[in-house]
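What follows is a short report on a single structure.
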Amino acid sequence: MPAINWTEWSEGVIEQFHGHVWFYRDLYEGKHADLFPRAKNLIDKGEITDQIMHGRHYAQNVQTPYIIANISKLIPEIPAMLVSRSIAKISSSIHSDSEQNDAANKETDEQLEAPHDAENSQIDDLQQELIQQIEKNSGLQMEHWSNIVQQQVDGGLVGVVWNDERGLRIETKQRDVYFPHEDGLGADLAYQRKIGEDFYLHIYRERVEDGGLLATNMLYKIDELSAHDEKKSAGGFDASGIGNYSQAISGQLEPVDDETAMELLEMDELETFYPGRNRPFIVYWPNDKTFMHPLGVSCLKGQEGKQDEINWSLTRNAIVYERNGKPRLAVSKEIMQALQDKAFDRYGDESKIDHRDLEITTFDENGKALEVVQIDITKIGDVAWVKDLERQMLAETQTSEKALDLFSETTQAQSGIAKYYDLFVSLCKAERLRNEYVYFLKQLFENCLWLANQDDSAVQIEQPEVATKEMFPITKSELITQGVAAHTGGGSSLETLVRTINPDSSEDWINQEVQRIEAEKQSDDSTSLSQGRANLSNYMDNRDEDGKPIEGDEE
């Protein structure tokens, strides 16, 4: 059977589809002291502490922390920063006609009792209003950056659409809840949940069959849960009971009957059939998809060894400096013995040397009394080797070095064009990710509109336009200069110019601003009303260049 037959739930089931996703999440978050064996060994021996905050052990020999230069955090965040700042307004490419808007306003007015509420709820464009409502319900403006980071770290991102009491919206989820069917006609979303005192696996399945799409909810009770697994999973659930887990609990699955499942899931029905729908509402966005890895791979895959070596080198340097970097005083045996004798006579303890005794002393036969000994810290360790490893990580992940400013040799100002070429590799990568992300969003919006169309035929199914801005930030003056040049040259409309200069303004304000500009261009006064608008002929008193009257057309 192409659909998945659920009989057990464990880490192995997840790893079969998604590999070691938890490892790359911990690598991104900087939990390297728990990942790398060399760090664990030094911590267990007491050579270093694992973390400054909430460390497991106190160092026995030195107080050197485990030094982490988390390049693995920067690799996914740089393209996320570039892409998220470039996503602009999402708008419909179809405008609703007056009949559709009037019908929507009439329906809204019937649902409202107060006249002022009806007045404030007037819809000018039903299609655009619906798209804006989906965007607000989904909170997309706050989700772009996290979506792209999660997709890079996990190697994939899941998008689903819902239409319930919270409204029509888009939700994104981590990769490890997604389980596609072998024949490509459907997929399962698996949610590890805690309901009451018991653990369950909630399966939401979408599958194309019988001329439509069948959406099914199934519930399984997880049996044979060990005490270790229960303790480990107790903190992995949010207030709703839906698993926000870092690792799966293990157990055999026992199906729950439909009546009990509807009661536990608080659903009126477990199945919904959408006739005429030939593809699932679930959308999956893989990272660096290949034939070997159809679900994509993490952007950090293959970087763990170099990250470990960077941390190891920096920590080893820190240990050397801790032991040898502090200044020390070297004295001859005779001076040391004299100091110990004075300490014994004064305090009864040779180790309690008084620094005041060093103010008066004698030279030895070589003319030396005290000498300051300190290691040259510029010669410690392999700083150059660490930089080489960082450069290699950035090169393998298509990340520009100048995007981090780790290797900048000068602080001189650069032009925007020069900076652009410094970031060329990162911008090319980010552009590819942006194109994929825009396509991902368009599919999800289209799925939302498909659901809305089932309830209201006036809603048109489309893939809306996702406007994009420059990834590379430019000054306001340069933005205005470019926009005005494009408009006067005929390359953009007045509305596009106003929207470009004021990217954060509302749609109503932009429309009003366009109307104000057009009104100022066409303003009339008493002279223009009586004699016509001023033109070159008016200014020349209706005479040509030689002063001869210009003959008008005879009526």
Across segment 425-482, what is the number of residues that are touching a strand residue (DSSP E or B) at 6+ places or on another chain (Cβ under 7 Å) and among the acidic types (Asp, Glu)? 2
Between a first residue in segment 260-284 that is without any contact (Cβ under 8 Å) to a residue 24 or more places away in the chain and over 15 Å from residue 202 (Cβ atoms) and a second residue that is basic (Lys, Arg) and open to solvent by 50 Å² or more (accessible area, probe 1.4 Å), which pairs have beta carbons less than 8 Å apart while being 6 or more apart in sequence or on different chains? none
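Test residue 254 against the stated conditions and say whether it is modelled with pLDDT of 90 or more and farther than 19 Å from residue 14 by Cα.
So residue 254 fails the test.
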Just give me the residues in segment 486-504 being part of a helix (DSSP H, G or I) and open to solvent by less than 60 Å² (accessible area, probe 1.4 Å), in sequence order. 486, 487, 494, 497, 498, 500, 501
Counting only residues that are out of contact with any Asp or Glu (no Cβ under 9 Å at 6 or more places or on another chain) and either in contact (Cβ under 8 Å) with a residue 24 or more places away in the chain or surrounded by 14 or more Cβ atoms within 10 Å (Cβ to Cβ) (or both), how many does segment 287-307 have? 7
Any idea which of (1) over 17 Å from residue 92 (Cα atoms); (2) crowded, with 16+ Cβ neighbours inside 10 Å is the one residue 452 doesn't satisfy? (1)
Given (1) at pLDDT 75 or above; (2) within 29 Å of the chain's Cα centre (by Cα), where does residue 492 come up short, assuming only one miss? (2)
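Are any residues in segment 261-314 part of a helix (DSSP H, G or I) and among the acidic types (Asp, Glu), and if so, which ones? Break it down into steps so the answer makes sense when it comes.
We begin by selecting, within segment 261-314, every residue part of a helix (DSSP H, G or I); these are 261-265, 304-314.
Within segment 261-314, 263, 304, 308, 309 meet the criteria.
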The correct count of residues that are outside any loop (DSSP other than H, G, I, E, B), farther than 20 Å from residue 182 by Cα and small (Gly, Ala, Ser) in segment 1-53 is 2
Take segment 67-93 and flag every residue that is over 10 Å from the mean Cα position of the chain (by Cα), of a type outside the set (D, E, K, R) and under 30 Å from residue 315 (Cβ atoms). 67, 68, 69, 70, 71, 72, 74, 75
Taking segment 71-89 and keeping residues open to solvent by less than 40 Å² (accessible area, probe 1.4 Å) and either assigned to a helix (DSSP H, G or I) or free of Cβ contacts under 8 Å to residues at least 60 places away in the same chain (or both) leaves 71, 72, 75, 76, 77, 78, 79, 80, 82, 83, 84, 86
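The values are calculated or read from the model by the stated rules, or taken from the named source; none is laboratory data. Just so you know, these numbers come straight off a predicted model, no measurement behind them. Glycine also receives a Cβ, built like all others from the backbone with ideal geometry; neighbour counts cover every protein chain displayed. Note: areas computed on protein heavy atoms with side chains; ligands, DNA, RNA excluded. Shrake-Rupley method; radii C 1.70, N 1.55, O 1.52, S 1.80 Å.
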